[in-house]
Every structure is written in C-alpha cells, then in structure tokens.
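This report refers to the structure that appears directly beneath it.
The values are calculated or read from the model by the stated rules, or taken from the named source; none is laboratory data. Just so we're clear, the structure is a prediction, and the values are computed from it rather than from any experiment. Cβ sites come from the backbone with ideal geometry, for glycine too, and all protein chains shown count toward neighbours. For accessibility, only protein heavy atoms count, side chains too; no ligands or nucleic acids. Shrake-Rupley method; radii C 1.70, N 1.55, O 1.52, S 1.80 Å.
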Amino acid sequence: MDMKITLQHLCFLLILASLVILPFVNDSRTLIILLTQIFIFGILAMSYDILLGYTGIVSFGHAMFFGIGAYTTAVMLKQMDATLFTFLLSIVAGMFFAGIISFLVGLLTLRLKSHFFAMLTLAFAGLFLVVAEKWRTVTYGNDGFTFRAPDIFKDRITFYFFVLTCLVVIFIALYRFVNSPTGRILIAVRENEQRTKSLGFNTLHYKVIASVVAGIVASLAGSLYSLSLRFVNTSVMTMDITLDALLMTIIGGVGTLVGPLLGAAVIEYAQHALSGLARDNPIFERWIIFFGILYILAVIFFPKGIIGSIRIMFWKWNTRLKERRKSPATLPHKKERFE
C-alpha cells in the first residue's frame, strides 16, 4: 500500500514540476491561457465531484456559486482599487457568500429525493440568474462589464502560477477532506443513505457540509475565471457552466478528484482544438456537433470515466498477476524407475 501511495505521489510531483517548468520552456501565450482555463475549470469540476462522486448528489444549480464568486470579484475590483488586497478580499467575500447561500439552499433542498432536489437547485439557479439579469445597476445585465485586474496579474505567467497554486492547495485540502471521517460518512451516504441513518448518523447534516464545501470551492473558481477574462456577464450563471462541470466529472471519473482534473483538460482542449479547426475547415463550423459526439464516445468507451477505467484495467492486471504467483510452478519431474 505504501508503495502505491509513493508512486502516486511521485507521478503528481512529476506532473506538477512539468507544469512549473513549462512557461520557461514554451512561451506560447495561447498555451498559457489554455492551461489557466483548465486549472480553473479543474477546481470547479473537483467541487462538483464532492457532490456527485462522494455524496451521490446531482445538482443542476452549481453555476449559481460559480457566478457568485465571479460577480463578487468583478464588482469589488470595479468599485474599489484594483489591488492584490482587493482581489484576495473579493475571493474571501465570494466564498463567504457562497457558503451562506449553499448552507441555506442545502437546508431547503437536501431533504428532498434526488430528482426533486435536482429540479429545485435548477430553480434556485434560475432565480439567481434572473437577479443578475435585472440588477443592472450592479451587474449591467446581459451586457456585462469589464474591470481592471491588479497590476501583478497583468503578466499572464504570474496569473498562471497563482491559479496553479490555488489548484494544488484545493486538491490537497479536498483530498484530506474526502479521506477524513466526515468524507467516509459522505461515501457511506452515497452508497446507502438509509443504512447510514440506521447507524445513527444525521445524513442531512453531512450532505449540507458537502454542499457548503462544494459551493465555497466553486466560488473560488468563479473568482479566478472572471479575473482571467477581465470581464463578467450573466453567462457565468447559466446552465452551461453546470453541465460543463458535470461532464468533466463524468468523463474524468466520479469520486476520484483526479478524474475531474483530467476531464477538465480533455473538454477544454477539445473545445479549443475544434473551434480552431472551425476557422480553417468549413466542415468544423458546427464544431459543437463533434463536441457532442466526443461526449457520447467517452461515455460509451469509458463508462466509469477515464480514471475509473484505468483503475479497473490495473485491478484486472494485478489480479491476474497474483493468480499466476499463486499457481504452482510447472517444474520438470524426473521419471521414477521401478525395478
């Protein structure tokens, strides 16, 4: 077991070292921006994995918390001095608001069964979207608004390293969370909520905790996203954001934390590549169709997600290896001579 953990840690360190070195080796602005977007949506997908993968909750309103973080950061940087302190304060404020709202929404909705819960979260997300559209004095409605970024982040590479640091910190924090006693109870709720209740656990309490954690992390992703664009509008609260997080989690592998990161990389790169092909080849002008085909193929060939499928293959290979070791070796025997 220790050997497996050591190998996993070694892989993570190698990948992290590669990402740190990359900007000094390849100075492509497009690549830096693409990787930054992958990191941001990786954080969003990990937050959704806490709900879907570890608690078994399907939410259609996750974009609500993403949008809260995005608007909080954008409004504070526009109304106040665009300094690093203001930006960090906006992140904390966005996470605070998202935590309060996710707590209240969780208390109101998590008592319901899965499909009723999903529909009610969609209704709450729609309510916040309408507020963002109508509160034009602050949000400027569908038109949105631009704002200045702190001077330190005018260099894309500096912002790249900041987002990468956030990704690593959030991954470590969520990894510790899901492997804590609370995380184990969330997994028990996912597997069999009634049995978990019979053991004396208040499952609503733990589901609300998962909702608050997911909302806070999604708010951080929203804050980083708005700063990466220097622009925000109501698109940050649309259903498309929630569907992206859902698909990233499913394609990468639910209940893994690493899977959503890989799913974010696959989807963001596919969007970038297909939209780039659309500029060169007329056949790719309807690139969203090819994008849908990619989703279908991923679900067909990787029903457990990419990481889940790799784990199954590794488990089968390891099982066969153990069976071979257990089977007696076929050694040549000398024929006995009877006289």
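So the values come out like this:
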{"item": "Accessible surface of ARG190 - all protein chains present, 1.4 Å probe, nearest 10 Å²", "result": "90"}
{"item": "Under-5 Å amide H pairs with PHE145, H placed in peptide plane, nonlocal only", "result": "VAL232"}
{"item": "Which of ALA74, GLY94, LEU199, positive extreme of dipole for the chain (C-beta unit charges)", "result": "LEU199"}
{"item": "Per residue, in Å², the accessible surface of the chain once ligands and nucleic acids are set aside, probe 1.4 Å", "result": "57"}
{"item": "FRET efficiency, 1/(1 + (r/R0)^6) with R0 30 Å, evaluated for ARG325 and GLN8 via beta carbons", "result": "0.85"}
{"item": "Net charge dipole size for region 140-184 [Lys, Arg +1 and Asp, Glu -1 on Cβ; Debye, nearest 20]", "result": "220"}
{"item": "Mean-position separation - Cα centroids, region 88-139 and region 142-219, in angstrom", "result": "15"}
{"item": "Entry for semi-axes √(5λ) of the Cα gyration tensor in Å (calculated from the structure that is shown) out of [x] 31, 23, 20; [y] 37, 24, 22; [z] 40, 27, 20", "result": "[z]"}
{"item": "Extension gain, SER18 back to ASP280 (0.36 nm per residue minus Cα-Cα distance, nm)", "result": "91.2 nm"}
{"item": "Accessible area (Å², 1.4 Å probe, nearest 10) - HIS272", "result": "80"}
{"item": "Accessible-area composition of the chain, carbon plus sulfur, in percent [1.4 Å probe]", "result": "67"}
{"item": "Stretch gain in nm, segment ARG184-ASP81, where the contour uses 0.36 nm per residue and the Cα spacing is subtracted", "result": "32.7 nm"}
{"item": "Dipole moment magnitude, nearest 20 debye, the chain about Cα centre, only Lys, Arg, Asp, Glu C-beta charged", "result": "1280"}
